[in-house]
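**Q** First the structure, then my questions, so here it is.
Every read-out reported here was derived from the displayed coordinates using simple, explicitly stated rules and does not represent laboratory data. Fair warning: this is a prediction, and the values are worked out from it, not measured in the lab. Methodologically, a virtual Cβ is constructed for each residue, glycine included, from the backbone with ideal geometry; neighbour enumeration extends over all protein chains shown.
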Amino acid sequence: MGFVEAVSACFSKYATFSGRARRSEYWWFALFQALVNIAVYGIGQEAGGGLLGNLIELALVLPALAVAVRRLHDIDRSGWWLLIGIIPVIGWIMLLIWACTQGTLGPNRFGPDPLGPRYGMPG
């Protein structure tokens, strides 16, 4: 999954918390969000206001949460595990490790494998 495909998938599933998201979808959207924040910060510094940044961040928070939950679903964890991020450092490290972890092979309780049937796996 490429950059444009991942970002469009996240926006098409704007508030969809069910299903699974592959690693590429999650990380490409994270990159998109970082680039938007950098651009808005630069524009905000020049314009002297943060209203645009606040509106854009508000627009991106829901798809970012949704793709994070779907990413946790891909490793067969409940989306409620996002709350572990409340714990400073340890929680953030756990979420980073889980975001980098390969998804479960084949279907799990949250849906079919987003990569489709893999070699040697039942379809």
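**Q** State yes or no: is residue 24 of a type in the set (Ser, Thr, Tyr), exposed (fewer than 14 other Cβ atoms within 10 Å of the Cβ) and either in contact (Cβ under 8 Å) with a residue 40 or more places away in the chain or outside any loop (DSSP other than H, G, I, E, B) (or both)?
**A** So residue 24 does not fit the description; no.
**Q** On the basis of being without any contact (Cβ under 8 Å) to a residue 12 or more places away in the chain and either under 28 Å from residue 103 (Cα atoms) or hydrophobic (A, V, I, L, M, F, W, C) (or both), does residue 68 make the cut? Even if it seems obvious, please write down each step before you answer.
**A** Working: without any contact (Cβ under 8 Å) to a residue 12 or more places away in the chain: no; either under 28 Å from residue 103 (Cα atoms) or hydrophobic (A, V, I, L, M, F, W, C) (or both): yes.
Answer is no for this residue.
**Q** With the structure loaded, tell me whether residue 17 is part of a helix (DSSP H, G or I), closer than 24 Å to residue 75 by Cα, under 14 Å from the mean Cα position of the chain (by Cα) and not aliphatic (A, V, I, L, M) or whether it fails that test.
**A** So residue 17 does not fit the description; no.
**Q** A further question on this structure: Out of the residues in the stretch 71-100 meeting the condition of being surrounded by 15 or more Cβ atoms within 10 Å (Cβ to Cβ) and in contact (Cβ under 8 Å) with a residue 60 or more places away in the chain, tell me which one is nearest to residue 25 (Cα to Cα).
**A** 99
**Q** Moving to a separate point now. Among what's in the stretch 67-110 and is of a type in the set (Lys, Arg) and within 12 Å of the chain's Cα centre (by Cα), pick the residue that is farthest from residue 11 (Cα to Cα).
**A** 71
**Q** Might you let me know whether the stretch 44-64 holds any residue that is under 11 Å from the mean Cα position of the chain (by Cα), under 18 Å from residue 111 (Cβ atoms) and without any contact (Cβ under 8 Å) to a residue 24 or more places away in the chain?
**A** No, the conditions are met nowhere in the stretch 44-64.
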